[in-house]
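Visitor: Encoded as structure tokens, here's the structure I'll be asking about.
The values are calculated or read from the model by the stated rules, or taken from the named source; none is laboratory data. Just so you know, these numbers come straight off a predicted model, no measurement behind them. Please note: Cβ atoms are built from the backbone with ideal geometry, for glycine as well, and neighbour counts cover all protein chains shown. Each accessible area value is taken on the protein alone, full model and side chains, heavy atoms only, with ligands, DNA and RNA left out. Shrake-Rupley method; radii C 1.70, N 1.55, O 1.52, S 1.80 Å.
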Amino acid sequence: MTPTAALSRDAEAVTSRAAGPCFEVYDAEFEVVLGRYARLALVAETDAHEGPVYIRGEDALYFTTVPRAPSVPAGAPRAAIRRLALDGLSLPVDPSRLSTVPAPVHTPNGMTLGHDGRLVVCEQGTRSAPARISRVDPRTGRVDTLVDSWGGLRLNSPNDVVVRRDGTIWFTDPSYGYLQGFRFEPQVGDHVYRFDPRSGRLSVVADGFDKPNGLAFSPDEQILYVTDSGANAEPGSYHVARPHHIVAFDVLDGCHLGPGRLFAVTTPGFPDGIKVDRAGRVYASASSGVQVFSQAGDLIGQVSLPGAVNFTFGGPGGQVLFITTDTAIWAAVLATAGAGQGRS
């Protein structure tokens, strides 16, 4: 039997958490997101961790795997980029449709799709391989370095990345690699960067974060949302007094950011992945699932899926939210599509 989950509203939401994956409605606006036929279904059981990217021309989902412990003391965790060939909305899919991209990447994490059809990858690096933003050909596995330093100083461990319509690459660079023991002591702060491939210039566009994590632009690219997961300092930790919120910045002249302002605080847990739909609603992963906020920052609903790590919009019409949980990939079939869908 195909595992699926249906809708939970208001009073039912409290008890639904114990019943497994479901949708929880806190405001009528979330009803618009769900439509009449929303469903939540298992796609595949696999070690999907971060960086989900849907490529429409292939009907395929790419993701980075759960980092595996090193085989020797002081070694580096091992992870890879994998591809899942989908079959439209026919779910689940057979495990034989999974394959590994033959790309020599080092602790890959967040990814996005570049305008040229190649993957733009956050490589957290190791003690012997630099942390970098790279470009990976999903067909051949060829890897090219885009940027690996700022002012001659090595990057920390890039976490998430997005490509703007003008081709510039924006990414977060928290020091999780150092905290987790596979990177050297940081030489730079935990910043948000803008990289221009045409000029080769890398600029800090935001600092003052504890641990900048996910990032996403509004549909008109005039607002940049960044999650701060500082409450998660060490693996498995949660320090409630440290940041677990989303910050919004106005984008100035396409190159700089205005002062940050609090958009929302997530609970339970801390925010990780973040995306925006075509109407400007903001989606952020938390320990309880994927939380959905109005443009004003009000929590309107949730895809209740404990263990959710990251997610992306995809599917034939861009209305499927593919969610990674470290042990599986799930699909939330919605009535709305993600911002930027249909470009790939």
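Visitor: Pop the C-beta distance of ARG261 and THR140 into the FRET formula with R0 = 35 Å and round what comes out to the nearest 0.05.
Guide: E between ARG261 and THR140, to the nearest 0.05, is 0.20.
Visitor: GNM, the chain, Cα, under 10 Å: largest mean-square fluctuation among VAL162, VAL226, VAL32?
Guide: VAL32
Visitor: Next question, about the same structure. I need the phi-derived Karplus couplings for the range 186-192: 6.51 cos²θ - 1.76 cosθ + 1.60, θ = phi - 60°, integer Hz, Gly and Pro marked x.
Guide: Per residue, the Karplus-derived 3J(HN,Hα) values read x, 9, 10, x, 7, 10, 10 Hz.
Visitor: Provide the per residue accessible area, probe 1.4 Å, for the chain, rounded to a whole number of square angstrom.
Guide: 40
Visitor: Also, quick follow-up: Net charge within 10 Å of THR327 by Cβ-Cβ distance, Lys/Arg positive one each and Asp/Glu negative one each, not counting THR327 itself?
Guide: Charge balance near THR327 sits at -3.
Visitor: What FRET efficiency, computed as 1/(1 + (r/R0)^6) with R0 = 35 Å and r the Cβ-Cβ distance, is obtained for SER128 and GLU45, rounded to the nearest 0.05?
Guide: 0.60
Visitor: May I ask for the net charge around VAL204, where only other residues with Cβ less than 14 Å from the Cβ of VAL204 are counted and Lys, Arg are +1 while Asp, Glu are -1?
Guide: Taking every other residue near VAL204 into account, the sum is -2.
Visitor: Given labels modelled 7 Å from the Cα in the Cβ direction, how far is it in nm from ALA28 to GLN187?
Guide: Going by the 7 Å Cα→Cβ label model, 5.7 nm.
Visitor: Read through the labelled values (i) 29, 23, 20; (ii) 43, 19, 16; (iii) 31, 24, 24 and report the label of the one computed as semi-axes √(5λ) of the Cα gyration tensor in Å from the structure.
Guide: (i)
Visitor: Something else about it: Gap in Å between the Cα centre of the range 306-337 and the Cα centre of the range 183-256?
Guide: Using only Cα atoms to place each centre, the spacing works out to 23 Å.
Visitor: How long is the gain from TYR178 to ARG201 if the chain were fully straight, where each residue apart is worth 0.36 nm and the alpha carbon distance is subtracted?
Guide: 5.8 nm
Visitor: Report in % the part of the accessible area of the range 161-233 that belongs to carbon and sulfur, leaving out ligands and nucleic acids; probe 1.4 Å.
Guide: 41
Visitor: Oh, and also: Which ³J(HN,Hα) values in Hz, rounded to whole numbers, follow from the phi angles of the range 218-227 under the Karplus curve 6.51 cos²θ - 1.76 cosθ + 1.60, where θ = phi - 60° and Gly and Pro get x?
Guide: Coupling constants for the range 218-227: 5, x, 8, 6, 9, 10, 10, 9, 10, 8 Hz.
Visitor: Right, here's the next one. Would you mind computing, in nm to one decimal, how far apart the modelled labels at HIS239 and ASP87 are, each placed 7 Å from Cα along Cα→Cβ?
Guide: In this crude label model, HIS239 to ASP87 measures out at 4.8 nm.
Visitor: Continuing with this model, one more query. Rounded, prolate or oblate: pick one for the range 21-73, where a ≥ b ≥ c are the square roots of the eigenvalues of its C-alpha gyration tensor, a/c under 1.5 means rounded, and failing that, prolate if a/b is larger than b/c, else oblate.
Guide: Cα axes put the range 21-73 in the prolate bin.
Visitor: From the backbone phi of the range 163-171, what are the Karplus-calculated ³J(HN,Hα) couplings (6.51 cos²θ - 1.76 cosθ + 1.60, θ = phi - 60°) in whole Hz, Gly and Pro given as x?
Guide: So the Karplus estimates, Gly and Pro as x, are 10, 7, 4, 7, x, 6, 10, 10, 8 Hz.
Visitor: Could you work out the helix-only [θ] at 222 nm for the chain, with each DSSP H run of four or more residues adding -39,500 (n - 2.57) and the total divided by the number of residues, to the nearest 500 deg cm²/dmol?
Guide: Counting only the DSSP helices, I get -1000 deg cm²/dmol.
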